[in-house]
1. Output the residues belonging to segment A:28-66 that are more than 11 Å from the chain's Cα centre (by Cα), buried (at least 23 other Cβ atoms within 10 Å of the Cβ) and closer than 21 Å to B:Gly22 by Cβ.
2. Looking at (1) at pLDDT below 85; (2) touching a helix residue (DSSP H, G or I) at 6+ places or on another chain (Cβ under 6 Å), which one does B:Ala180 not meet, given that it meets all the others?
3. Go through segment B:164-208 and give me each residue that's among the charged types (D, E, K, R), closer than 25 Å to B:Ile61 by Cα and surrounded by fewer than 24 Cβ atoms within 10 Å (Cβ to Cβ).
4. Among the residues of segment A:88-107, write down those that are among the polar types (S, T, N, Q) and within 15 Å of A:Leu69 (Cα to Cα).
5. Quick check on segment A:101-136: of everything there that is at the interface with chain B (Cβ under 7 Å from one of its Cβ atoms) and of a type in the set (Phe, Trp, Tyr), which residue is nearest to A:Gly48 (Cα to Cα)?
6. Out of A:Val78, A:Val124, report the one residue that is of a type in the set (A, V, I, L, M, F, W, C) and surrounded by fewer than 22 Cβ atoms within 10 Å (Cβ to Cβ).
7. Would a scan of segment B:64-87 turn up a residue that is at pLDDT below 80 and among the basic types (Lys, Arg)?
Amino acid sequence: MSRIAFNSAAVRRKHLRREYVPIVSTILACMLSLLPIIVSSPMIPDFGFLMLIAWRLLRPEMWAPAVALPLGLFNDLVAGHPIGQSMAIWTLLFIVFDIMDSRVLFRDYWMDWLIAAVAITGYVYADWYIGTLLGNTAGFSVMLPQLAASILAFPIVARLVLSLDRWRLAR
Amino acid sequence: MAPPKTRRPGFSRRAQYGLFIGYVVAVGGVMLALLLLAVRIFDPQGFAALRGLALDMTTPISAGGRSVVRGVTGSGDAISNYFMAASRNAELNRRLEGAEQELIEARAIRYENMRLKRLLKLTGELNDEVTTARIVNSSFDSSRRLATITAGSSDGVRTGQPVRAPEGLIGRIIEVGRFASRVLLITDGASNVPVRAVRNGIPAMATGRGDGTLDIKPLEVGQNPFRQGDIFVTSGIGGIFGPNIPAAIVVRVTREETLARPLANPARADFAIVQNIYMAEADAPLEGGATPPSDALQAPPPPPPGTGNQAAPKR
């Protein structure tokens, strides 16, 4: 593998990779909800959301909070959520993460997982609550399998994001 | 690792303003998003065009992969059928004997039914299929139970129309794109379907529980009149869903609740049939201005007797 860029095209390519890998990977993760799977109860995690918080926890300085707005709109449109749901929750979460970053002095792998678990719980609860506002009468217990699956899937997604990040920044 | 201290972008005024404006945009965006959400809650049909467009753009992706997934699940069935061939054969023979007897009875009943209907001057045939489409995708990461079908407004699909499979009722249309639409499955927590038990004709309401099952609530108070294995068909009361579409089968009965599962599994159904919104003839607006009792609450007051039939509202 050549470590030196010999021409300007290679430089441009590496720049593109460094800039757009996080956004594109999150968009692709959102599009996983288009998989032709038909299930009768919510069991599968929202991978777009997991990817988003994994990138955010790994690289706190990379994204301004407003980045979550268009990504959330995209997720709402693709996954069929009411428009505004992911936009509001994701952006609010980014602001909360920013506040948290200025308070918490120490973070490691377990802390990241704990923070992600709290964020996932909040997200799943908000999704369910907005559903009830729209007339859904199902109890929150319906969401528990998905909640558990999401929390357990986070380390896998975080691993994936880590390797993507390594590839993104490789010279 | 300690979090990076890059939030404060040094002493540059420009960078500090940039960060501040970033937060202003984010907070404004959250406000806007909450507003959009409120619009959606108070007006369920809001942004129909935008959502329909998104549906049209994304459905081909799901539709392309669907055949692969069907092939995989189908092969599992084929293998188990091969191993269970002998016992299944015996069971099917036994069921066939029973079915032949019932078929003769059913023919007699159908004849009688036709005769009675002619007596009542009811038109029994409901030839109201709008279109046929494939189910290609369902929501799996939210509390709602929604599915996507490959037919939209260009095929005549409209919001509210019921969707069924040959085996039974699937749900109703809630969002329409040009080439694709979204179906609210009967297992969604917001879905209520009026049904009645085939065994004794007791009316009930089938409400989705969000986890693939239905809660059957009898309309009468008292002891739970249903038992395990009872089959429910739609009753056609209140319109929308036509009568006698198979809907659910009871899987568990307790003192308080009756748990049923839908007869049509959207994951297995080959085709979804979109039907016209059913309106019982008794509920149709009458000629001459009198309003039917079922929707007297939201109907405009009937015209005073003197004005005659020129003021009859066409609804």
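1. A:Pro65
2. If we test B:Ala180 against (1) at pLDDT below 85; (2) touching a helix residue (DSSP H, G or I) at 6+ places or on another chain (Cβ under 6 Å), just (1) comes out false.
3. If the condition is that a residue be among the charged types (D, E, K, R), closer than 25 Å to B:Ile61 by Cα and surrounded by fewer than 24 Cβ atoms within 10 Å (Cβ to Cβ), then B:Arg172, B:Glu175, B:Arg178 are the ones that fit.
4. A:Thr91 - this is the single residue of segment A:88-107 that is among the polar types (S, T, N, Q) and within 15 Å of A:Leu69 (Cα to Cα).
5. Among those residues, the one meeting the criterion is A:Trp128.
6. A:Val78
7. yes
Residues checked against (1) under 37 Å from the mean Cα position of the chain (by Cα); (2) loosely packed, with under 15 Cβ neighbours inside 10 Å; (3) at pLDDT below 75; (4) not assigned by TED's automatic domain parsing to the domain that holds B:Asn265:
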residue	(1), (2), (3), (4)
B:Ala2	no, yes, yes, yes
B:Val30	yes, no, no, yes
B:Phe42	yes, yes, no, yes
B:Asn93	yes, yes, no, yes
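The values are calculated or read from the model by the stated rules, or taken from the named source; none is laboratory data. Here the structure is a predicted model, which is why all the values come from computation and not from measurement. We place every Cβ from the backbone using ideal geometry, glycine too, and count neighbours over all the protein chains shown.
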